[in-house]
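Novice: What follows is a single structure, and I will ask about it in a moment.
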Amino acid sequence: MLELADISHRFGAVQALQDASLVVRRGTVHALLGENGAGKTTLMRVVFGLLTPQSGRVQWQGAPLRLASPSDALRAGIGMVHQHFTLVPAMTVAENVALGGRGLFNPADAANHVQQVAAKAGLVLDPHARIDTLPVGAQQRCEIVKALARDVQLLILDEPTAVLAPAEAAELLTWVRRFADVGNAVVLITHKLRDALAVADDVTVLHRGRTVLATRAADTTEAALAAAMIGERAAQPQSHSLQSVAPGSTTAAPADAAPPTRGRVLTLRNVSFSDDRGVQRVREASLAVEAGTIVGIAAVEGAGQHELLRLLAGRLAPTVGQVERPALVGFVPEDRHRDALLLDAPLFENTALRGAGARRGRMPWRALRENTAGLLTRFDVRAPGPDARARTLSGGNQQKFVLGRELAEQPQALVVENPSRGLDFKATAAVQQALRDARDAGTAVVVYSSDLDEVLLLADRVLVMHAGRLHEVAGDREAIGRVMLGGAH
């Protein structure tokens, strides 16, 4: 159905693709894997008409294909669902699907068209619902229906299960399989090797813009794919020292320092929180987090987990109830660009954001520079030095920097939101190991991840949040997933 041969593309000094190749067979699911920056999304943007390659050729159903825009791709029968949805929140499902069409807009006709397309595809979707009222799984179904409404034969899905509960992810992968089995094809960009091997017929791995592996899924393993993705033998993640460092110093605390204090560190007592519109996001939540433990929060988007974490971190005040927290609480938000970094400022100035608002007097810039240099070394942040702009770091190194900044003074508590979202295999392993090290050093850690597997991998204790309420669930992955979607526990 699709053949890409010797595709190269450069962004300034960065060679994003170098002679990359990909062959997608009709009636198959094709998994496209690689580290962050490997070129996966860039290659698919070529297929979708968002980029014109500087060399190489694209063939579609045996004939050369030249695309000037996504409109050309859609007319050819190629659709793409991006990792970050492109929906207009204030519009209905039918209005979003109709966007980009021609002629006079008729609301009734648009709604009927959505119902027909969704029913044919086996996707449940209310055409009259506003996007901003829908859970993330329904928003994703809307994105898929947008593509199917244009009669696409090849559907590109970029990290489609990243924000879905287990049951929703399984439902999506089942649909993907059905869509391919009737003679279409799907390219699945994913970091989840389990998803790739569960549903894919073929697998291609990119590394630094080059195709390094193309194989049938039945002929490979998770270990082989991981090794190809990182370009070396899969290794155990390194453990980085998280010992306390005083401001202005780069020397770690001695190994024989006093052991961390045990006991309750974070406590919620019947806490409720309502937002500026009066919507209750957290309902009568009670929670006690002990030192030296990781408490994992499992939830689907919109369940109130983001407000809960900010209450614990001291970024929000409860409407009702009490929050007890120590003086030093680290916080790693999920959107590091918006909430954790000044992208155009040097790293040493970003280090100064730790504890911002509490300092008095002159800023100790020399000490902050030295402290930042030590932080880069201890947390394996790949950057030229403290004067490097935050924007110039890769996503994984930005995340390690933010986490290192919050842990540098060994806080008594650490609240972390989606620690590895958007990170590749290697950076994810480093960040997860850093959280374990913090726990072992006595920090009370609360972590929410939209990836349930990550919650189960990290947490000593798992709580589920649904409709603003916390539930303790004794059971396996499937039981937790049911409660996430409102089932009994």
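Novice: Test of understanding: extend the Cα→C-beta vector of LEU353 to 7 Å, then name every residue of the range 52-93 with backbone N under 19 Å from that spot.
Specialist: So the set is empty, nothing qualifies.
Novice: Based on the mean of other beta carbon atoms within 10 Å per residue, what is the order of 441-449, 211-219, 83-91, 299-307, most packed first?
Specialist: 441-449, 299-307, 211-219, 83-91
Novice: If you take the Cα Rg of the chain and divide it by 2.2 N^0.38 Å, with N the number of residues, what do you get? The partial results should precede the final answer.
Specialist: Working: Rg = 23.8 Å, N = 489, 2.2 N^0.38 = 23.1 Å.
Rg over 2.2 N^0.38 Å, computed on Cα atoms: 1.03.
Novice: Which whole-Hz couplings ³J(HN,Hα) result when phi for each residue of the range 179-186 is put into the Karplus expression 6.51 cos²θ - 1.76 cosθ + 1.60, θ = phi - 60°, listed in order with x for Gly and Pro?
Specialist: 4, 6, 5, 9, x, 8, 8, 10
Novice: When the helix-only estimate is applied to the chain (DSSP H runs of n ≥ 4, each -39,500 (n - 2.57), divided by the residue count), what is the mean residue ellipticity at 222 nm, nearest 500 deg cm²/dmol? If you can, show how the numbers build up before the last one.
Specialist: Values: 16 runs with 157 residues, N = 489.
It lands at -9500 deg cm²/dmol.
Novice: Check which residues have an amide H placed less than 5 Å from VAL282's amide H, if you skip close sequence neighbours.
Specialist: Result for VAL282 returns PHE273.
Novice: Run the count for the chain, please: Lys pairs, Cα-Cα under 27 angstrom, 8 or more apart or on different chains.
Specialist: 9
Novice: Can I ask one more? Compactness ratio of the range 264-484: Cα Rg over 2.2 N^0.38 Å, N = residue count? Provide the component values of the computation, followed by the final result.
Specialist: Details: Rg = 17.4 Å, N = 221, 2.2 N^0.38 = 17.1 Å.
Scaled against compact globular proteins, the figure is 1.01.
Novice: Could you give me the ³J(HN,Hα) list for the range 121-126, computed from phi with Karplus coefficients 6.51, -1.76, 1.60 and θ = phi - 60°, whole Hz, x at Gly and Pro?
Specialist: Residue by residue, the range 121-126 yields 7, x, 10, 8, 7, 8 Hz.
Novice: Another question, then. On a C-alpha basis, how far is the centre of the range 1-23 from the centre of the range 320-357 in Å? Whole number, if you could?
Specialist: 38 Å
Novice: Do you know the relative contact order of the range 318-400, to the nearest whole percent, from alpha carbon pairs under 8 angstrom that are 6+ apart?
Specialist: Working: 63 pairs, mean separation 26.8, N = 83.
Dividing the mean separation by the residue count of the range 318-400 yields 32 percent.
Novice: Something else now. Mind putting a number on the dipole of the range 6-133 about its Cα centre? Charges go on the C-beta only, +1 for Lys and Arg and -1 for Asp and Glu, and I need it in Debye to the nearest 20. Write down the numbers at each step before the final one.
Specialist: Values: 11 positive and 8 negative charges, 76 e Å.
About 360 debye.
Novice: Normalising by the residue count of the range 2-230, find the relative contact order in percent from Cα pairs under 8 Å and 6+ residues apart. All intermediate terms of the calculation are to be shown ahead of the outcome.
Specialist: Working: 435 pairs, mean separation 69.0, N = 229.
Dividing the mean separation by the residue count of the range 2-230 yields 30 percent.
Novice: Here's another thing I want to ask about it. Compare the Cα positions of VAL205, LEU457, SER55 along the charge dipole of the chain (+1 at Cβ of Lys, Arg; -1 at Cβ of Asp, Glu; about the Cα centre) and return the one farthest towards the positive end.
Specialist: SER55
Novice: Amide H of ALA388 versus every other amide H placed in the peptide plane: which residues, excluding those fewer than 5 positions away on the same chain, fall under 5 Å?
Specialist: Long-range HN contacts for ALA388: LEU347.
Read-outs throughout are calculated quantities, based only on the coordinates presented, and are distinct from any laboratory measurement. Just so we're clear, the structure is a prediction, and the values are computed from it rather than from any experiment. No Cβ is skipped: glycine too gets one built from the backbone with ideal geometry, and neighbour counts run over all protein chains shown.
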